[in-house]
1. Could you give every pair whose Cβ atoms fall below 6 Å, whose first residue belongs to region 97-124 and is assigned by TED's automatic domain parsing to the domain that holds T82, and whose second residue is among the polar types (S, T, N, Q) and in a loop (DSSP other than H, G, I, E, B), counting only separations of at least 6 or pairs across chains?
2. Among what's in region 83-95 and is out of contact with any helix residue (DSSP H, G or I) (no Cβ under 8 Å at 6 or more places or on another chain) and touching a residue at least 12 places away in the same chain (Cβ under 8 Å), pick the residue that is farthest from the ligand (Cβ to nearest atom).
3. Can you tell me which residues in region 134-152 are closer than 15 Å to P188 by Cβ and within 15 Å of the ligand (Cβ to nearest atom)?
4. Counting only residues that are closer than 25 Å to N45 by Cβ and over 17 Å from the mean Cα position of the chain (by Cα), how many does region 126-171 have?
5. Please determine, by comparing only the residues of region 32-82 that are among the polar types (S, T, N, Q) and crowded, with 19+ Cβ neighbours inside 10 Å, which one is farthest from the ligand (Cβ to nearest atom).
Amino acid sequence: MPPRTTRPAGPLPAGTRPAGTHPAGTRPAGTRPLGTPTRGTTNPNRLRRMDRWIAAVHGAALRRSERPPTAVDLGYGAAPWTAVELLERLRTADPRARVAGVEIDPARVAAARPYEREGLTFVHGGFEVPVDGAPALIRAANVLRQYDEGQVAAVWARLCARLAPGGLLVEGTCDEIGRRHVWVALGPEGPRTVTFATRLGSLDRPSDLAERLPKALIHRNVPGEPVHAFLRDFDRAWAAAAPYASLGARQRWIRTARDLAGDWPLVDGRRGWRQGEVTVRWSALAPGAA
Ligand SMILES: C[S@@+](CC[C@H](N)C(=O)[O-])C[C@H]1O[C@@H](n2cnc3c(N)ncnc32)[C@H](O)[C@@H]1O
């Protein structure tokens, strides 16, 4: 659990705790949260790459909102670390940011409550996202991987419908310590991009990331599907960039991304590549889009 210092001593300040209540319209009284409790595996700092990317690409949109923007950490797991960290990192982009951790397992909500503080609440709920208003951000990390592929589209649609105008849904998967990560970013209108993010020193080849593909793509990494072709080309570009390895894995990755951008619609540039990221349009990887 995070150090006790993350929660100020004494009662929560007035107005900081809608936690445990379900605003009208999000879930009728007496009904169950939407979804299924799953394994609660989490780790401190596990989602740092996702947090950094969110703050970088979505920070301006957060700052533009008239009200303090609410972010939801959906399915934060057996300990509240990722929600605590999301708040800290979003506040570097917008000091008004607030985070609601939403978890379908009530015991995990009870365990997280002692860590509530100004701007951070924990709520029992599921895909109905029982928080006041429309969130500027919903982040669901390592949640949908434990559902069926056939459920993903409906869950995405439901979560996108909960977003504020200009809001962002980030849904993806990573390894236990966050070295390898793949996530899909969606706006209210639907999926926009897929980001591959890695600790470069730990990488043999880009397709090492295949085992962390989000649920919508992991079963599609087979010949004939766009994501398979993308990872094949990514590996080829990485192999061709081998001479750059003497300058370090980062230079090799940047060279690889530059090559890849010749054939695939990458939407980021050197700044993201330096962080070990590559972001490509969803439409290029969508199942059946070849
Ligand atoms: C593997 S943990 C991920 C924890 C954290 N997000 C991370 O990436 O480290 C998945 C969590 O999602 C929760 N969960 C599953 N379905 C959910 C839903 N529909 N709504 C809210 N939480 C859900 C599970 O109970 C579990 O605690």
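1. E118/T16
2. To start, the set of residues in region 83-95 that are out of contact with any helix residue (DSSP H, G or I) (no Cβ under 8 Å at 6 or more places or on another chain) comprises 87-88, 91, 95.
Remaining after also requiring touching a residue at least 12 places away in the same chain (Cβ under 8 Å): 87, 91.
Values: L87: 14, R91: 19 Å.
Only one residue fits best here, namely R91.
3. Of region 134-152, the ones closer than 15 Å to P188 by Cβ are 134-138.
P135, L137, I138 - these are the residues of region 134-152 that are closer than 15 Å to P188 by Cβ and within 15 Å of the ligand (Cβ to nearest atom).
4. 1
5. Step one: list which residues in region 32-82 are among the polar types (S, T, N, Q), which gives 36, 38, 41-43, 45, 65, 70, 82.
Among the residues that remain, those that are also crowded, with 19+ Cβ neighbours inside 10 Å are: 42, 70, 82.
Working: T42: 3, T70: 16, T82: 5 Å.
The selected residue is T70.
The values are calculated or read from the model by the stated rules, or taken from the named source; none is laboratory data. Fair warning: this is a prediction, and the values are worked out from it, not measured in the lab. Note that each Cβ is placed from the backbone with ideal geometry, even for glycine, and that neighbours are counted across all protein chains shown.
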